[in-house]
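**Q** Next up is a structure, given as C-alpha cells.
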Amino acid sequence: MGLTDSVDSANIASPVSLTNPEDNQRILLLASSSVIAVIPIFLIKKYISTDNFQWIYLCGLLYLCLIYIYVKLFEKNQVSSNYIILQIIQILLVLGVSYFAYGELHNTKKIIGVGLGIGCIGLLY
C-alpha cells in the first residue's frame with residue numbers, strides 16, 4: 001500500500017461548492033474556530049495590561065468552545081489539511097488585528113510569507 005492509497009480521493013478531487021451543505025458547514029467551522037482560537041491571544045494581552053483574571057477565565061471558556069468545534073470539524077474532514085488551513089487563517093487574523101488594533105507594522109518577508117500561506121490554502125482546500 002502506497003502513501004497515496006490511504007488518501008480519501010473524493011475529499012481531494014471534488015471542488016468546493018457553496019451549494020453543498022457539507023462544504024458550507026466546513027467553511028463555517030473553519031472560520032469560527034479560527035476566530036475563536038485568535039481571540040484568547042488578545043485577551044491574554046488584555047490580562048497582562050490589567051492584571052484582571054477574568055480575561056484568563058474567558059480564554060478558558062473560548063478554548064472549551066474551540067475543542068467542541070474541532071471535534072465537529074475533524075469528524076468528517078481530514079485533520080492534516082484542515083489544521084494547516086486553520087493555522088494560516090489564524091496567522092492572517094493575528095496580523096490584521098495586530099496592525100489595526102495595535103499599529104504593529106509588518107515587513108516584506110512577513111507579507112510574502114502570508115501570500116504563500118494564502119496560496120497553500122488554495123492547494124489544500
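The values are calculated or read from the model by the stated rules, or taken from the named source; none is laboratory data. No experiment lies behind these values; they were computed from the predicted model shown. Methodologically, a virtual Cβ is constructed for each residue, glycine included, from the backbone with ideal geometry; neighbour enumeration extends over all protein chains shown.
**Q** Would you mind stating whether Ile85 is in a helix (DSSP H, G or I), buried (at least 16 other Cβ atoms within 10 Å of the Cβ) and modelled with pLDDT under 90?
**A** yes
**Q** Which condition breaks for Tyr63 when tested against (1) closer than 19 Å to Asp23 by Cβ; (2) surrounded by fewer than 16 Cβ atoms within 10 Å (Cβ to Cβ); (3) not polar (S, T, N, Q)?
**A** Failed condition: (1).
**Q** Determine whether the stretch 61-79 contains at least one residue that is farther than 20 Å from Asn24 by Cβ, without any contact (Cβ under 8 Å) to a residue 12 or more places away in the chain and of a type outside the set (A, V, I, L, M).
**A** Within the stretch 61-79, not a single residue is farther than 20 Å from Asn24 by Cβ, without any contact (Cβ under 8 Å) to a residue 12 or more places away in the chain and of a type outside the set (A, V, I, L, M).
**Q** Enumerate the pairs (first residue in the stretch 30-47 and more than 21 Å from Ile85 (Cβ to Cβ) and at pLDDT below 95; second residue anywhere and surrounded by 15 or more Cβ atoms within 10 Å (Cβ to Cβ) and of a type in the set (Asp, Glu)) with beta-carbon separation below 8 Å, excluding pairs fewer than 6 apart on the same chain, so at least 6 apart or on different chains.
**A** Nothing qualifies.
**Q** Given (1) farther than 25 Å from Asp23 by Cα; (2) within 13 Å of the chain's Cα centre (by Cα); (3) among the polar types (S, T, N, Q), where does Thr108 come up short, assuming only one miss?
**A** Thr108 satisfies every listed condition except (2).
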